[in-house]
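Data first, discussion second: the structure below is written as structure tokens.
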Amino acid sequence: MDELYREQILEHYKRPHNFGRLENPDLEFEDTNPFCGDEQHVTLRLDDAGRVAEVAFEGQGCAISTAATSLLTDELVGKSREELLHLQKDFVLDLLGIEISATRMKCAMLGLKVVKGASLGKPAEWEDEGEQGNPEAERTVDGI
């Protein structure tokens, strides 16, 4: 089963969903993972009820970071700002479907952090500090 999830992660890395930038967004934010340099920028457009109507992201990063944000953005349309703020780390981890090592946790959570930052209008806190390490060294362990 892990192999299916790994293939899904690689597919989202190679062809991320919702990739790009919306013109005149209602909310936007960008941030980086200080441990590895992954960068993400998210733009969101809200409907008249204040719910996400469109979402896009761009940036550069590892397979886990890009795939996690791609998978997350697929789930955001229809959610209110308050619902975005209440999304938990486990929501993203369930979307990824594989166990994420402590050194890769910030990679996996960057998209969620950026979405929450857009909702808050300021930097969001890391939900899981993970461990400082070298994500490149983890590639052979995680297989991605």
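Things worth noting here:
- Here R6, R15, R21 are placed in order of increasing Cβ neighbour count within 10 Å, fewest first, which gives R15, R21, R6.
- Taking other Cβ atoms within 10 Å as a rough exposure proxy, S80, S70 sort from fewest to most as S80, S70.
- Theoretical ellipticity at 222 nm over the chain - DSSP helices of four or more residues, -39500 (n - 2.57) apiece, nearest 500: -12500 deg cm²/dmol
- Answer label, with Rg and Dmax of the Cα atoms in Å calculated from the coordinates and candidates [x] 17.3, 54; [y] 16.1, 54; [z] 14.2, 46: [z]
- Among the DSSP helices (H) of the chain, none spans at least 24 angstrom by Cα along its long axis with an average Kyte-Doolittle hydropathy of 0.0 or more; this is a geometric and hydropathy rule only.
- Cα-based shape type of segment 3-50, given that a ≥ b ≥ c are square roots of the gyration tensor eigenvalues and the cut on a/c is 1.5: oblate
- Ranking of F35, F19, F57 by neighbouring Cβ atoms within 10 Å, starting from the fewest: F19, F35, F57.
- In a fully extended conformation the segment linking E75 and K14 would gain 20.1 nm over its present Cα-Cα distance, using 0.36 nm per residue.
All of the numbers you see were taken from the coordinates with simple rules; none came from a lab. Given the structure is predicted, the values throughout are model-derived calculations rather than measurements. Cβ atoms come from the backbone with ideal geometry, glycine included; neighbour counts cover every protein chain shown.
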